[in-house]
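Step one of this worksheet: look at the structure below.
The values are calculated or read from the model by the stated rules, or taken from the named source; none is laboratory data. None of these values were measured; they are calculated from a predicted model. FYI the Cβ positions are ideal-geometry reconstructions off the backbone, even for glycines, and counts take in every protein chain you see.
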Amino acid sequence: MSKHHVTTVINGDPVEFLCQPNTSLLDVLRNELNMTGTKEGCGTGDCGSCSVTLDGRLVCSCLVLGVEAQGKEIQTIEGMANGETLHVLQRKFLEHAALQCGICTPGFLIAARSLLERNNNPTEEEVRFWLAGNLCRCTGYNNIITAVLEAAREMRGA
Amino acid sequence: MQAEVATTPVKAVKVTFTAGFSRRYTDSIREFEVQAKNIRGVIRAMNELFPGLGETLEEETSIAIDGVIHEVDYTQAVKPGSEVFFIPRIEGG
Amino acid sequence: MLTNTKDIQQVMKVVGTSPVRPDGVPKVTGQAQYGADYSLPGMLWAKILRSPHAHARILSVDTSKALALPGVKGIILGSDFPEHPFDYVGPERVAQNYWHMTRNIMAREKALFEGHAIAAVAATTAAIAAEAVSLIEVQYEVLPHCIDVEDAMKPDAPLLFEDMITRGVEPAPTKPSNISKRLEFSTGDIAAGFASADEVVEMSFKTAAVHQGYIEPHSCLARYGADGQCELWSASQGHFVVRAYTAKLVGMEIGNLLVHPAEIGGGFGGKTVVYVEPMAVLLSRKTGLPVKIMMGREDVFKSTGPTSGSSMTVKIGVKKDGTIVAAEGLFKFQAGAFPGSPVMNATMCAFAPYIIPNVKSVGFDVVSNRPKSAAYRAPGSPISAFAVESVLDVLAKKIGMDPLKMRLKNAVKAGSPTAWGPKHSHDGYAETIQALLDHPQYNKPLGKNQGRGVASGFWFNGGGESTASVHINEDGTVVIATGSMDVGGSRASMALMAAETLGVPYESVRSTVADTASIGYNHVTGGSRVTYATGIAVVEACNKVIEDLRLRASLMWDTDIKNVVWSDGYAKPVDPSVGNFEPLSLKAIAAKRGVTGGPIGYEASTNAGGQAPGFSTQFVDVEVDPETGHVKILQFVAAQDVGRAIHRDYCAGQIVGGVVQGIGWALNEEYIYDSKGRLSNAGFLDYRIPVASDLPMIEAILVEVPNPSHPFGVKGVGEANIVPPMAAIANAIENAVGRRMTELPMSPPRVLAAIDAG
Amino acid sequence: MMEMRFETPKTAEAASALIAATAGLSKIFSGGTDLMVHMRSGNIKPELVLDIKSIAEMNVIAVENGGYRVGAAVNCMQLLENTAFAAMWPGVIDGANLVGSIQVRGRATLGGNLCNASPGADTVPAMIAAGAIASIVGPNGRREVPVEQIPAGPGKTSLAKGELIVSFFLPERAPHSGDAYLRFTPRTEMDIAVVGVGLSLTLDDNGVCTHARVSLGAVADRALLVPEAAAALIGTTVDAVALANLAAAASAAARPIDDKRGTKAFRIKVAGVLARRAAEKALARAKGNN
């Protein structure tokens, strides 16, 4: 199958890759670009583990074609911390034991950041509904919700 | 069978099996008394009564010594008068 | 979160706190490597051809077209694995029959369930491997199938194994059946017991098969060298067990297989066995190239172990004052396509929390055309508890007694009898009940269509084989290694116990999980055993180190070791008479390691016994929509005796996580089969695990009644929490709308039908 | 191995021409939330995949003749973020807000949700209740079709080869109008409707219902427009009696199947329950709209 040459921007850096027209963005990230922080839990958009942002829009990368990245901007978990400085959400997830196995954590962090960019003072219910597309089987969600609310509080300087 | 071993002077160790286990391996006899200082001794004594039973006990069971559950471990000490219960080994998730 | 602490003598410095886990940063930055995150140069991708039929004889498999496809490097079938004798070996509950196990990995004579692996193809790309799979031609003779356990037990049921004779029945049956095993645990005189009861209730229940639902599909990467040495990267609950099973199934010596512990993305029991690992190793051996296999989510649902569905009948008799006098249970469990359901645990745990003089508990292990069941969190106990705790609720109502008080009246404590023989040797159950009786919300009035339910659960926590090493670095920092996979913060709890024992800061201890060549054997991370058994190994290794540190100090002070004590992280003179010595820190002693005997480090191994069981008691408030049957969880409080919390937050996290899995099990999760025996909801869209917006904050109450067999009092916390929720929710629904649900899941159509049935 | 072509046409006509010129299966790719799943599973092996998100007129949300023109490639999140549209058609927003998850709503489009032709599609009953008109481009030019005439059974539409939906027109709202969409799912989110009801109504100054449209989802092989249910409301003040008649009419119109998501009996009863609840919600909105 003839491959497409795709030029895009990932976590602020220009990136080029070749991909077949039916390859998902998730497979491109993981298998072509070795960015394995984005996880596959289902491959059908039902678990949120592969969450990334595409031009600022929260999406499941398993439901996006690699070729669609052409000319777009993608944010993944690898771009969330700033060098040694963790994003406040990453720090709160650690402080509040919001991960057990951790496989869903990158997806939750990307999704939670996308929420806080739109609403820096969400209610618990708003957080629960925004994150409903991200499955976690370990934690029962308690500590994830707490960590996001605490991150929002800190980001508001409250 | 209990009689022979029970005539010994020193207080013996009481060995017990579940009904199902005793049906399968010990002619449905559930309780025995043996002389032993540790689990190795208990297993050796039982193996003398039922040749081959020792292997089964080591492979398939856990033990409760006076109620406290242990894996089968030769060096585990048993006191005179202790109750040693062989129970099916449990594995969790 | 409130905490009941009972007679904890030692004052802890770090044990019981909640520091950031050592493996935290890699897991929030995406750097942690899970099973699917490894790759090697020249790596092949393998895809698996699976049976579309629930039950079929495999007449022929033609791989010629697939092999001819450019990029295809190798194909294996079940027959490529060595044969094994038909023999059950090992502990009864998990008796392994390798004749079965090798056939579960890949089908041979027959496909026994939809999704049963038939062939595996390794190719240069995943796309080529998938294309090749579609080119394999299999001729099947489709056979009649059975899915439900009751159907499978019928005399005329289609047989999965034409020669299976039920074990545990005397005399042995002459006719083969799908019933693999019968077992029984009895005590007292059941008939006399019921005769003495004032109230007797007998009810039947059904539960659906439910999957562990870990978010990470099974994945592995194998590299088999021409020298017969193989390396395997695999996400599992125990890389030593993966090594043992894989070596045996592939036919190699354990010493030739090195298993690297990839981070594991959830297991809950489902990753204590192997599926793709033996295929990857065999394909790598065949092709001479590294081979990677990633299951898809559909593969996970169709071909890996859920826990059993069941049919159960439970009968309990009580006196007017609430005393339980007799209990009888019949538990029929789906094993899946091969024997080995957790029915034995179910029959043992069913009545375990209660002092009952007369008990008869009978279990059947039954095969049917479903994926083979695998362990799932307190395997078996939640299933039988759904029946027992529901019947107790009915009885409490009949005699007009508070359901918690009735449980308290019959609660086992140290010295209480069990149906399987030995006496209970630990308290803890009554304390969990009391914690709820004392809860401010327990007597809070409820609104319209709202109800409150309670239930309790028991689980044998595990002990067993573990190894740990502790090394003092040149600068006095500490590195510890175990072979226990970290599924939810155990690196942190190991570091906490090491820091507490050595008297050093948590931050100075690096806690790692080592591969199978770098540390001694560790049994699986399962059975709530790691903080207990591996924790004991860590503490023993630390104590060996302390002994050596005292010796080194005595050499530095030209005194006898008996004059040196270790306290708060320093070697100190036992008293002033020894001499006026400045206490020696780890750093100071490590600096002198060369002249005092070289590197400082020890390994400790244990086959830990003395584990104490876990008890959990929970109450839940629900609201039922009487027009749709939808059940909303309003409040959920779970009290569990953990012995001693090492890392408080991760300890509570286990309880909350177990409860939420129980909520899914209770309300929506189920394997749904069509008339052809095919799974119709093999994905996270229609296999409905709870999402964040379905739930309130779950309240975990850590009850701490220390276990004297563990240096810090640990009992194990991972499993008992999933035992009560199904019954607690059923009891709450009954309390809300006056309908007794006896079948799981209690999905809206079922609840609405019950309401409309009047 | 089978070749798959990927194209990103800039006009609807160009897209239509590409489809017409393709012998094998061609699929329109907008949100991809269904197509990606089918391609992954191998159920669908298209020869041509057309990403129509670069076609300008398929991305608009614009006021037109007092109503709204919404591009078929507009995704649910774009629609949800348009407060003016949300004020006029809150019921359509109810539907868009229930599709999948935030991640899925960031991709899933109105056109895709309709043309995927799933009987349980969440935006379709609301669009039908709203009286939305689909604007279609094909080899023979353009045509306008009411949304209820597009689905033709599970996975099937009435569109001819080479035809694609470009946009939808939702007409101007009379005063005292309100709409609502409710669905039943076992989970609060991330689920497929077991029953869905879209309902739109208009009241006169005396609070008498002068106009109503009721559409049911997931109770037949396609979303249904149910005039009998609407008739139960028209001429009434949407009182208890009218609501009971509405519920009965909705249940009577439901012709569902037993499947993994629900039973026949459950769907028939809940269709009535949700119709009543949707009417109450739409009524409250109508009374709030002067």
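Some values worked out for this structure:
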read-out	value
Long-range neighbours under 8 Å by Cβ, at least six apart or interchain, first residue assigned by TED's automatic domain parsing to the domain that holds residue D:211 within the range D:234-245, second among the basic types (Lys, Arg)	D:243/D:276; D:244/D:276
Number of positions in the range D:57-109 that are of a type outside the set (Asp, Glu) and without any contact (Cβ under 8 Å) to a residue 12 or more places away in the chain	5
Yes/no for residue D:30 being buried (at least 16 other Cβ atoms within 10 Å of the Cβ), free of Cβ contacts under 8 Å to residues at least 40 places away in the same chain, within 26 Å of residue C:127 (Cβ to Cβ) and hydroxyl-bearing (Ser, Thr, Tyr)	no
Candidates C:213, C:228, filtered to the one that is surrounded by fewer than 20 Cβ atoms within 10 Å (Cβ to Cβ) and closer than 26 Å to residue C:45 by Cα	C:228
The range B:73-88, residues that are crowded, with 21+ Cβ neighbours inside 10 Å and not in a strand (DSSP E or B)	B:78
Filter result (within 14 Å of chain A (Cβ to nearest Cβ), in contact (Cβ under 8 Å) with a residue 40 or more places away in the chain and either under 21 Å from the mean Cα position of the chain (by Cα) or over 30 Å from residue C:299 (Cα atoms) (or both)) within the range C:674-720	C:684, C:687, C:689, C:696, C:698, C:699, C:700, C:701, C:702, C:717, C:718, C:719
Hits in the range A:117-144 (condition: away from chain D (no Cβ under 13 Å), farther than 24 Å from residue C:212 by Cα and part of a helix (DSSP H, G or I))	A:124
Unique match (being more than 9 Å from chain A (Cβ to nearest Cβ) and crowded, with 20+ Cβ neighbours inside 10 Å) among D:17, D:23, D:12	D:12
Among (1) without any contact (Cβ under 8 Å) to a residue 24 or more places away in the chain; (2) in contact with a strand residue (DSSP E or B) (Cβ under 6 Å, 6 or more places away or on another chain), the one test that residue D:149 misses	(2)
Extreme residue, modelled with the lowest pLDDT, among residues of the range B:24-35 that are closer than 18 Å to residue B:51 by Cβ and not in a loop (DSSP other than H, G, I, E, B)	B:24
One residue from D:220, D:253, D:278 being surrounded by fewer than 24 Cβ atoms within 10 Å (Cβ to Cβ), touching a strand residue (DSSP E or B) at 6+ places or on another chain (Cβ under 7 Å) and small (Gly, Ala, Ser)	D:253
Unmet criterion (only one of (1) out of contact with any Asp or Glu (no Cβ under 6 Å at 6 or more places or on another chain); (2) modelled with pLDDT under 90; (3) surrounded by fewer than 17 Cβ atoms within 10 Å (Cβ to Cβ)) for residue B:38	(2)
Matching residues in the range D:167-225 - criterion: being within 22 Å of residue D:155 (Cα to Cα), in a strand (DSSP E or B) and within 14 Å of another protein chain (Cβ to nearest Cβ)	D:183, D:184, D:195, D:196, D:197
Residues being within 14 Å of chain B (Cβ to nearest Cβ) and among the aliphatic types (A, V, I, L, M) - total across the range C:394-418	2
Residue ranges of strands (runs of 3 or more DSSP E) in the range C:481-596 with at least 1 members touching an Asp or Glu at 6+ places or on another chain (Cβ under 6 Å)	C:509-513
Looking only at the range D:26-73, and only at residues there that are of a type in the set (Gly, Ala, Ser) and in a strand (DSSP E or B), the one that is modelled with the lowest pLDDT	D:26
Checking residue C:610 against (1) more than 14 Å from chain B (Cβ to nearest Cβ); (2) surrounded by fewer than 24 Cβ atoms within 10 Å (Cβ to Cβ); (3) not aromatic (Phe, Trp, Tyr), the condition it does not meet	(1)
Candidates C:359, C:343, C:391 - the one that is out of contact with any helix residue (DSSP H, G or I) (no Cβ under 8 Å at 6 or more places or on another chain), within 14 Å of chain B (Cβ to nearest Cβ) and closer than 19 Å to residue C:727 by Cβ	C:343
Whichever residue in the range C:735-758 is outside any helix (DSSP H, G or I) and within 11 Å of chain D (Cβ to nearest Cβ) and, among such residues, is surrounded by the most Cβ atoms within 10 Å (Cβ to Cβ)	C:747
Any pair with Cβ under 7 angstrom, 6 or more apart, that starts in the range B:45-57 at a residue that is free of Cβ contacts under 8 Å to residues at least 60 places away in the same chain and within 16 Å of residue B:33 (Cβ to Cβ) and ends at one that is buried (at least 17 other Cβ atoms within 10 Å of the Cβ) and among the acidic types (Asp, Glu)	none
Filtered residues of the range B:41-72 (kept if buried (at least 17 other Cβ atoms within 10 Å of the Cβ), more than 8 Å from chain C (Cβ to nearest Cβ) and of a type in the set (Asp, Glu))	none
Answer from D:277, D:255, D:285 - the residue that is over 24 Å from residue D:177 (Cβ atoms) and at pLDDT 95 or above	D:255
Residue check for residue C:620: in a strand (DSSP E or B), buried (at least 24 other Cβ atoms within 10 Å of the Cβ), more than 9 Å from every other protein chain (Cβ to nearest Cβ) and at negative phi	yes
Whichever residue in the range C:180-205 is assigned to a strand (DSSP E or B), within 29 Å of residue C:400 (Cβ to Cβ) and not hydroxyl-bearing (Ser, Thr, Tyr) and, among such residues, is nearest to the other protein chains (Cβ to nearest Cβ)	C:205
Subset of the range A:95-110 (residues that are within 7 Å of another protein chain (Cβ to nearest Cβ) and buried (at least 20 other Cβ atoms within 10 Å of the Cβ))	A:97, A:99, A:100, A:101, A:102, A:103, A:104, A:105, A:106, A:109
Selected residue (only one of C:292, C:271 is within 14 Å of another protein chain (Cβ to nearest Cβ), within 20 Å of residue A:103 (Cα to Cα) and part of a loop (DSSP other than H, G, I, E, B))	C:271
Residues satisfying the stated conditions in the range C:419-438, i.e. more than 9 Å from chain B (Cβ to nearest Cβ) and either closer than 13 Å to residue C:458 by Cβ or touching a residue at least 12 places away in the same chain (Cβ under 8 Å) (or both)	C:419, C:427, C:428, C:429, C:430, C:431, C:432, C:433, C:434, C:435, C:436, C:437
Scan of the range C:118-134 for residues that are surrounded by fewer than 20 Cβ atoms within 10 Å (Cβ to Cβ) and either closer than 13 Å to residue D:42 by Cα or at pLDDT below 95 (or both), ordered by number	C:127, C:130, C:134
